[in-house]
Amino acid sequence: MFEFPVSTTIFGYPILYHTIFESLGIFLGSRYYWYLRKKQKVEKMDIISVLIILIGATFGAYFGSHVLGAMENVPKWRETQYPVLFFLTNKTLVGGLLGGLIGVELAKKIVKEKRSTGDLFVYPLLLAMIIGRLGCFSAGIYEETYGIPTSLPWGMDLGDHIYRHPVTLYEIIYLIAIWIILRQIQKKYELKSGDLFKLFMIFYLLFRFLLDFIKPGWRYFLGLGSIQIACLIGFLYYNRFILNLKN
């Protein structure tokens, strides 16, 4: 069995698999995006607009990820002697997605761009997330992506000799399922520009809202953590689209 956190040695230096998989996910996801962009011959925007939108996406994802990550445990954030370091060392994927969404939408308003820019990111994001979650799994309890104790037969010892829900593996399976489902939806229905990204976000936010009930962590009210509250806010943002699906 694995000894968490899983690591290897490169040129005499110990390197965590988490770092390797996270970097590999970003690299392959980026390459896949540019491949799809070239293949689909996307209508080009002027270079200034592209740069502004990329800056909006990057800064939005960065701050969203770290703000939501730090808010996962507000008492600990308040008590630490190094609040800035706590902010910089805590991050969440949900915060990155929602923050990136806000950053892109604000940037598009600045450059007066009305076209949807999200659909092309869906499958590259899924690829990057699947590979990145393998890295999170390799970190065990040393990365805050582990589950609560369980007596179920697939519970795993992630480094503390307690059998826990392997929530990162649950997420990988779910992300693969999303990929397959979205492909089938595209084949059966004619989606409007932007609908694919909206479906991806709704599917993922729903999963993360439910998943966090079997993850340990500080809660605000009604047993809800910061990620779950952010997911609910995301649902409100996509409320009109969800209602249109029902009709």
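The values are calculated or read from the model by the stated rules, or taken from the named source; none is laboratory data. Just so we're clear, the structure is a prediction, and the values are computed from it rather than from any experiment. Note: ideal-geometry Cβ built from the backbone for every residue, glycine included; neighbour counts use all protein chains shown. Note: areas computed on protein heavy atoms with side chains; ligands, DNA, RNA excluded. Shrake-Rupley method; radii C 1.70, N 1.55, O 1.52, S 1.80 Å.
A few notes on this one:
- One residue stands out among those in the range 186-214 that are over 26 Å from LEU169 (Cα atoms) and among the charged types (D, E, K, R): the one that is nearest to the chain's Cα centre (by Cα), which is ASP195.
Listed here are the residues, each with its yes/no results for (1) of a type in the set (Phe, Trp, Tyr); (2) without any contact (Cβ under 8 Å) to a residue 12 or more places away in the chain; (3) over 17 Å from LYS91 (Cα atoms).
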{"position": "CYS136", "(1), (2), (3)": "no, no, no"}
{"position": "ILE148", "(1), (2), (3)": "no, no, yes"}
{"position": "HIS161", "(1), (2), (3)": "no, yes, yes"}
{"position": "LEU175", "(1), (2), (3)": "no, no, yes"}
{"position": "LEU182", "(1), (2), (3)": "no, no, yes"}
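- Some residue of the range 112-120 being part of a helix (DSSP H, G or I) and either aromatic (Phe, Trp, Tyr) or surrounded by 16 or more Cβ atoms within 10 Å (Cβ to Cβ) (or both): yes
- Unique residue being touching a residue at least 24 places away in the same chain (Cβ under 8 Å) and farther than 26 Å from ILE26 by Cα when the list is ASP157, ASP119: ASP157
- Some residue of the range 171-190 being at pLDDT 95 or above, touching a Ser or Thr at 6+ places or on another chain (Cβ under 7 Å) and among the polar types (S, T, N, Q): no
- In the set ILE26, ILE15, only one residue is outside any loop (DSSP other than H, G, I, E, B), β-branched (Val, Ile, Thr) and touching a residue at least 60 places away in the same chain (Cβ under 8 Å); that residue is ILE26.
- Leading residue by the ranking (nearest to PHE221 (Cα to Cα)) among those in the range 32-77 that are polar (S, T, N, Q) and surrounded by fewer than 18 Cβ atoms within 10 Å (Cβ to Cβ): THR58
- Residue match in the range 122-139 (condition: touching a Lys or Arg at 6+ places or on another chain (Cβ under 8 Å) and of a type in the set (A, V, I, L, M, F, W, C)): no
- For the range 177-211, a residue qualifies if it is open to solvent by less than 20 Å² (accessible area, probe 1.4 Å) and over 19 Å from LEU101 (Cβ atoms), and exactly one does: LEU211.
- Being open to solvent by 60 Å² or more (accessible area, probe 1.4 Å) and of a type in the set (A, V, I, L, M, F, W, C) is not true of ILE131.
- Among the candidates PRO5, PRO14, residue that is within 30 Å of TRP154 (Cβ to Cβ) and surrounded by 14 or more Cβ atoms within 10 Å (Cβ to Cβ): PRO5
- With respect to the stated conditions, GLU144 is outside any helix (DSSP H, G or I), out of contact with any Cys (no Cβ under 8 Å at 6 or more places or on another chain), in contact (Cβ under 8 Å) with a residue 24 or more places away in the chain and crowded, with 16+ Cβ neighbours inside 10 Å.
- Taking the criterion of being touching a residue at least 60 places away in the same chain (Cβ under 8 Å) and more than 22 Å from the chain's Cα centre (by Cα), the residues of the range 61-88 that qualify are PRO75, LYS76.
- The lone criterion from (1) crowded, with 17+ Cβ neighbours inside 10 Å; (2) in a loop (DSSP other than H, G, I, E, B); (3) of a type in the set (Ser, Thr, Tyr) left unmet by THR168 is number (2).
- The residue of the range 215-243 that is nearest to TYR163 (Cα to Cα), among those that are hydroxyl-bearing (Ser, Thr, Tyr) and either part of a helix (DSSP H, G or I) or under 20 Å from the mean Cα position of the chain (by Cα) (or both), is SER226.
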